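See below for the structure under consideration.
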Amino acid sequence: MKLIRGICNLKKINSNSAVSIGNFDGIHLGHQKLLSNLYEIGKKNNIPTIVILFEPQPLEFLNTQNPPKRITTLQNKIKYIQLWKIDIILCIKFNEYFSSLSAEKFIKNVLIKKLNIKFIIIGDDFRFGSKRNGNISLLKKIGYQYNFKVIEISALLYKNIIKISSTNIRKCLLENKIELVRKLLGRPFSILGRVIHGNKIGRKLGYPTANILLHKNIPINNGVYAVKVSCFLNKDFIGICNIGIKPSYFHSKKNRLLEVYLFNFNIDLYEKKIEVFLYKKIRDECFFSSIEKLKEQISKDVKIVKKYFNINYN
């Protein structure tokens with residue numbers, strides 16, 4: 001797979017191509033259906049497949065005061081798109097110029113002139129261009145003129161009730177419906193980050209943690225979670241994590257941290273990238289008046305997590 005950052009770095013695609021466009025925030029089951037169709041069309045027609053992303057996401061640029069919380073970082077988004085064997089990811093910088101670009105100019109200047117599209121595969125609610133004036137009808141109209149086909153993918157419903165969408169997944173995360181989120185994503189919600197040095201308090205308590213500094217716009221509530229962690233060993237480890245500002249008797253920080261304690265694990269993870277998969281929320285983050293009460297609560301939390309994962313080692 002090739003990652004191209006910016007239209008300026010994109011050379012004209014000489015062959016026809018199959019293209020999909022969107023935020024792909026979360027790479028949920030609906031996105032996966034779209035990517036699967038894109039892959040199959042590319043394979044059937046022996047043409048390159050291209051996914052177009054925007055960074056920042058359009059609503060993050062247009063609504064800086066209250067942008068939607070992001071389910072997946074760009075890095076994690078690219079990681080999951082790669083699983084579908086897409087040939088090219090084109091990451092376009094969304095800025096003042098691009099936000100004012102009309103839908104017709106985007107189709108003609110980018111999709112047709114640069115990407116030479118033969119197929120475009122999009123969701124049924126797809127809107128684009130200045131003031132979101134571009135839609136499926138416009139694509140089909142121009143597609144008829146320039147000989148490319150528009151393939152519309154209908155939204156998926158969970159149990160024929162809940163629309164599988166990034167908006168609904170954010171809502172579920174903030175309502176602590178972690179297990180429902182897993183069903184909408186097709187995998188557990190995860191946080192990818194690099195392990196930083198902490199103040200080693202967990203080690204003193206007998207529960208050494210790997211710490212990740214969280215970006216401020218992540219849609220997850222503070223609290224304690226049952227987790228699995230994937231790291232450089234290509235193996236999943238079970239553990240427990242706390243997300244929050246550590247409002248304990250000895251410490252309080254403004255920056256949100258994810259602190260994860262892994263069971264039966266003693267390998268140095270500093271500076272390593274790990275992905276933490278959240279399975280269930282155990283409790284809210286809370287204040288402890290003494291080290292004894294904190295240790296007692298951690299012990300209870302660990303037992304709950306081990307029971308959840310049906311494990312019995314110490």
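Every read-out reported here was derived from the displayed coordinates using simple, explicitly stated rules and does not represent laboratory data. All values derive from a computational prediction rather than experimental measurement. Heads up, the Cβs are rebuilt from the backbone with ideal geometry, glycines too, and the neighbour counts pull from every protein chain shown.
Can you give the longest stretch of the chain with no exposed loop site, where a site means chymotrypsin sites (Phe, Trp or Tyr not before Pro) in a DSSP loop (not H, G, I, E or B) with at most 10 other C-beta atoms within 10 Å? That would be 1-231.
Could you tell me the distance between the Cα centroids of the range 183-239 and the range 292-314, to the nearest Å? The range 183-239 and the range 292-314 have Cα centres separated by 16 Å. Kindly identify the range 189-308 as rounded, prolate or oblate by the Cα gyration tensor criterion: order the square roots of the eigenvalues as a ≥ b ≥ c, call it rounded if a/c is under 1.5, otherwise compare a/b with b/c, prolate if a/b is larger, else oblate. It comes out rounded by the Cα gyration axes.
The Rg/Rh ratio for the chain is 1.04, where Rg is the radius of gyration of the alpha carbons and Rh is the Kirkwood radius.
What's the longest uninterrupted piece of the chain once you rule out the GluC sites (Glu not before Pro) that are loop residues per DSSP with at most 13 other Cβ within 10 Å?
Details: sites that count: Glu175, Glu271.
Formally, the longest exposed-site-free interval is 1-174.
Considering only beta bridges that DSSP places wholly inside the range 102-211, some 45 percent are antiparallel. Among the trypsin sites (Lys or Arg not before Pro) found in the range 252-314, those both in a DSSP coil and sparsely packed, with 14 or fewer other Cβ atoms within 10 Å of their Cβ, are Lys253, Lys254, Lys272. Taking amide H positions as modeled 1.01 Å from N, with prolines and chain starts lacking one, the residues under 5 Å from Arg256 and 5 or more places away or on another chain are Leu214. Once Rg and the Kirkwood radius are both taken over the C-alpha atoms of the range 2-158, their ratio Rg/Rh works out to 0.93.
Can you tell me what share of the DSSP beta bridges in the chain is antiparallel? A percent to the nearest 5 is fine. Could you put the intermediate results ahead of the total?
Details: 35 of 57 bridges.
Just about 60 percent of them are antiparallel.
For the range 117-147 versus the range 69-111, the spacing of their alpha-carbon centroids is 15 Å. Computed over neighbours whose Cβ is under 14 Å from that of Leu38, the net charge equals +3, Lys and Arg +1, Asp and Glu -1.
Relative to the longest principal axis of the Cα atoms of the chain, helix 291-308 runs at roughly 50 degrees. Across the range 171-183, rounded Karplus estimates of 3J(HN,Hα) from the backbone phi angles (6.51 cos²θ - 1.76 cosθ + 1.60, θ = phi - 60°) give 4, 5, 4, 6, 9, 6, 8, 5, 6, 5, 4, 4, 6 Hz, Gly and Pro being marked x. Averaging sequence separations of C-alpha pairs under 8 Å and six or more residues apart, then dividing by the length of the chain, give the relative contact order as a whole percent. Worked out over the chain, it gives 16 percent.
Helix 29-45 and the long axis of the chain differ in direction by around 40°, with both axes built from C-alpha atoms.
Name the shape class, rounded, prolate or oblate, that the alpha-carbon gyration tensor gives for the range 132-243, where a ≥ b ≥ c are the square roots of its eigenvalues, rounded holds for a/c under 1.5, and otherwise prolate holds if a/b is larger than b/c and oblate otherwise.
Numbers: a/c = 2.95, a/b = 2.39, b/c = 1.24.
Prolate shape, in that a/c is at least 1.5 and a/b is the bigger ratio.
Hey, what number do you get for the chain at 222 nm if only DSSP H runs of n ≥ 4 count, each worth -39500 (n - 2.57), divided across all residues, to the nearest 500?
Numbers: 10 runs with 90 residues, N = 314.
Value at 222 nm, helices only: -8000 deg cm²/dmol.
Its relative contact order, with pairs defined as Cα atoms under 8 Å and 6+ residues apart, puts the range 26-146 at 27 percent.
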